[in-house]
Every structure is written in structure tokens, then in C-alpha cells.
Amino acid sequence: MFPAIAVAQALSRKDPDGRVLYVGRRGGMEEKIVPAYGIPLKSVVAAKLDMEDLWRNWPVPFVVPRALFQSWLIVREFRPDAVLGTGGYVSAPLILAAAGFRVPIVLQEQNYLPGRATRLLSRVARVVATTYPESARYLKAKSVVTGTPVRTDFWRRRTAFPERPRVLLILGGSQGAHRINEAVAQALPDLVGTMGLQVWHQTGERDADEMRGLTATLEGSAGERYHPFPFSADLAQHVYAADLVIGRAGAGTISEVSAAGIPMLLVPGRFGGGHQRLNVGPFEQAGAATVIRDEELDGSRLVAELTSIIDDQARYRKMVEAMRGLGRPYAAEEVVRLLEEVARHH
């Protein structure tokens with residue numbers, strides 16, 4: 001969703017008179033978030049293919065024809081010059097409808113290992129905008145490395161950093177990451193006590209009350225240094241204020257935090273075939289991020305990794321410098337260029 005919003009913003013900046021339409025899932029969170037950015041939205045029904053529990057797919061044959069018909073009506077009415085697909089099963093019916101109308105298609109893939117939808121739909125795309133050059137081998141169309149589009153909130157790269165991290169931001173995504181929350185709960189007395197860190201923690205709704213309750217268990221002024229919150233509409237503000245960010249290794253999180261230039265401690269999730277583990281490769285190799293395996297994460301490991309970063313100023317400085325060379329704040333403009341190119345040659 002956020003890469004799509006980022007491209008829509010970049011398109012509107014470049015051509016204020018151009019028309020942009022976001023098509024999302026009926027009943028999905030995009031119905032609330034996208035209009036808040038001033039972007040027109042239409043929705044189609046969608047059913048996700050479950051490749052693990054196949055019996056759950058019984059609605060698919062009933063939903064797909066409706067989704068295709070709704071998408072066909074949207075494309076016929078809107079008459080786009082180009083269509084951008086940002087992955088996921090929701091994009092499939094619209095991309096197929098656009099292909100039926102011979103509208104040029106650009107796909108955007110932010111993960112190292114492209115999702116199933118992108119791999120299949122690349123057969124009808126003119127070009128795929130990727131974040132990693134290695135993604136090309138999984139695709140059936142020409143690919144161009146653009147980086148993952150980030151919202152205009154993340155187009156400024158932070159330059160000044162302290163000698164050691166003093167403000168820590170923990171991101172579990174809007175839904176939270178329970179395992180990260182558990183480790184933080186165990187490590188919290190050390191983080192805000194011994195280390196004296198200011199800790200801002202996006203907990204997700206599920207663990208919000210439990211994490212808030214921890215403040216009362218902290219001694220003295222330490223409780224004032226822990227700031228849990230379930231979800232933030234202005235995440236960029238928290239990212240730019242942080243000296244180090246802890247989170248999962250989803251492509252969206254990595255791209256936005258790296259565009260801002262903030263070093264990371266990443267805990268890739270084991271779900272989705274372990275694709276998050278592949279996302280961290282270039283950041284770990286460059287020294288911009290430290291990685292903890294999900295199964296090894298607990299409070300003591302978190303404390304050990306943070307201590308090794310805080311106590312080693314040269315290492316922290318290297319993380320900051322390495323991230324400066326990796327972030328791509330203007331990826332959205334690169335994707336816009338591809339869209340203009342395919343529309344022009346249509």
C-alpha cells in the first residue's frame with residue numbers, strides 16, 4: 001500500500017493535472033488510509049489463495065469472476081495510460097483487466113524474492129521495478145532496479161547523529177510483532193535503566209495494554225523513558241527522531257527507515273517462506289544493520305546486541321555511514337519515469 005501511495009504522490013507532484021486512481025481491496029485498511037492522502041480510491045472484492053491450507057480456498061472460484069468484472073469496469077471507465085501493480089493477490093484482477101485492454105503495465109516488487117502474484121503477472125508487464133538486482137532471475141519481464149518507493153515524508157535524509165544511540169524506536173508494524181514485544185518486555189529495565197535509552201515502542205493493538213503496564217514496574221525516572229504506543233499515523237516523525245530502529249525486515253520498513261538514513265537492528269520474520277531473511281542481505285553485508293534470527297531473539301540477546309552497538313562508537317559510526325549509501329529516498333520518482341516511458345511508447 002505505502003509504495004503505491006508514494007508513487008501516486010510523486011506522480012501528482014510531477015503532473016498536478018494528471019489523474020491517479022488507487023484500486024484496493026474492498027474492506028481493506030486502504031479504504032481508510034488512502035483517502036487520507038487525498039488519493040481517489042475504488043475497491044474490488046478479493047480472495048487470497050492459501051497455499052498451505054488448500055481447503056480454505058473454496059470462496060476463490062466465486063470471488064474471482066466478480067473481481068475481474070469489477071476491475072474490467074474500472075479500467076474501461078478510468079481509461080488509464082498506464083497501470084502500476086505493487087504486488088499481492090488484490091492487484092491480479094486489475095492487472096489482468098488492464099492487459100485485456102492492452103494498457104501498458106509496470107509492476108513494483110520490493111522484496112528480494114518476488115511474491116507469487118508478481119512472478120505470474122510479470123508475463124504481461126512491460127517492466128518490473130525492483131529493489132534488488134537479484135530479483136530479476138525470478139521474473140518474466142525486463143526489470144529495472146529503482147529501490148522501493150517511499151512516501152514524501154521520508155524524502156529527507158538525516159545527517160546529524162550522536163556518538164552513540166540515545167533514542168531507540170521499536171517497530172512491530174501496525175499489527176505489532178509479538179515476539180519482539182516479548183523480548184523488549186524482558187530487556188526493558190536494562191534499556192531504560194542501565195543504558196539510559198529513550199525508548200519509543202510501536203506495540204500494535206494486541207499487546208498495547210500489557211506493554212503500557214510495564215511502565216509501573218520500572219524504578220525511578222526509568223519509567224519516564226519508555227513510551228509505548230499502539231499505532232502512529234505520523235511514523236516519519238518517530239523514525240527521524242530515532243538513532244537506531246529495531247523491527248521486522250519487511251520491505252516497507254527497511255526502505256522507509258533506510259531512506260531516512262537511520263541504522264537498524266532487524267529481526268526477520270519466519271513467515272512467507274522466509275523472504276524477510278533475504279531482504280536484509282545487502283544491509284547486513286554493508287554493516288548498516290545488525291540481524292538477529294527470530295528463533296534466537298529474547299531479552300538477553302537484545303540487550304547483548306544493543307550493548308555491543310552502544311559501547312562501540314566506531315561500529316555505530318560505520319552503521320550510520322553505510323546506511324547513508326544504501327537508502328533510496330527518490331525511488332518513487334524512478335518508478336514514475338518508468339510509467340511515463342511505457343505510456344509514451346504505447
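Condition check for Phe69 on (1) closer than 16 Å to Val124 by Cβ; (2) out of contact with any strand residue (DSSP E or B) (no Cβ under 7 Å at 6 or more places or on another chain): one failure, at (1). Could you tell me whether region 332-341 includes any residue that is of a type in the set (A, V, I, L, M, F, W, C), out of contact with any Ser or Thr (no Cβ under 9 Å at 6 or more places or on another chain) and not assigned by TED's automatic domain parsing to the domain that holds Leu197? Yes. Pairs are defined by a Cβ separation below 6 Å, a sequence spacing of at least 6 or placement on different chains, a first member in region 310-339 that is closer than 14 Å to Gly147 by Cα, and a second member that is of a type in the set (S, T, N, Q) and assigned to a loop (DSSP other than H, G, I, E, B); the pairs so defined are Ala331/Thr146; Ala331/Thr148; Glu334/Thr146; Val335/Thr146.
The residue of region 76-114 that is surrounded by the most Cβ atoms within 10 Å (Cβ to Cβ), among those that are part of a loop (DSSP other than H, G, I, E, B) and out of contact with any helix residue (DSSP H, G or I) (no Cβ under 8 Å at 6 or more places or on another chain), is Val90.
Note on region 220-258: residues that are modelled with pLDDT of 95 or more and β-branched (Val, Ile, Thr) amount to 4. Scan region 87-111 for residues that are at pLDDT 95 or above and of a type in the set (S, T, N, Q) and the total you get is 1. What is the one condition in (1) in a helix (DSSP H, G or I); (2) crowded, with 22+ Cβ neighbours inside 10 Å that Glu210 does not satisfy? If we test Glu210 against (1) in a helix (DSSP H, G or I); (2) crowded, with 22+ Cβ neighbours inside 10 Å, just (2) comes out false.
The requirement of being within 26 Å of the chain's Cα centre (by Cα) and farther than 25 Å from Val128 by Cβ is not satisfied by Val20. Of Glu341, Glu256, all but one fail to be farther than 23 Å from Trp200 by Cα and either aliphatic (A, V, I, L, M) or out of contact with any His (no Cβ under 8 Å at 6 or more places or on another chain) (or both); the exception is Glu341. If you go through region 213-259 and keep only what is among the basic types (Lys, Arg) and not in a helix (DSSP H, G or I), you end up with just Arg248. In the set Asp81, Asp53, only one residue is more than 26 Å from Glu256 (Cα to Cα) and touching a residue at least 60 places away in the same chain (Cβ under 8 Å); that residue is Asp81.
A single member of Ile5, Ile74 is out of contact with any Pro (no Cβ under 7 Å at 6 or more places or on another chain), without any contact (Cβ under 8 Å) to a residue 60 or more places away in the chain and not small (Gly, Ala, Ser), and it is Ile74.
The values are calculated or read from the model by the stated rules, or taken from the named source; none is laboratory data. The structure displayed is predicted, hence computed values, not measured ones. Cβ: placed from backbone, ideal geometry, glycine included. Neighbour counts: every protein chain shown.
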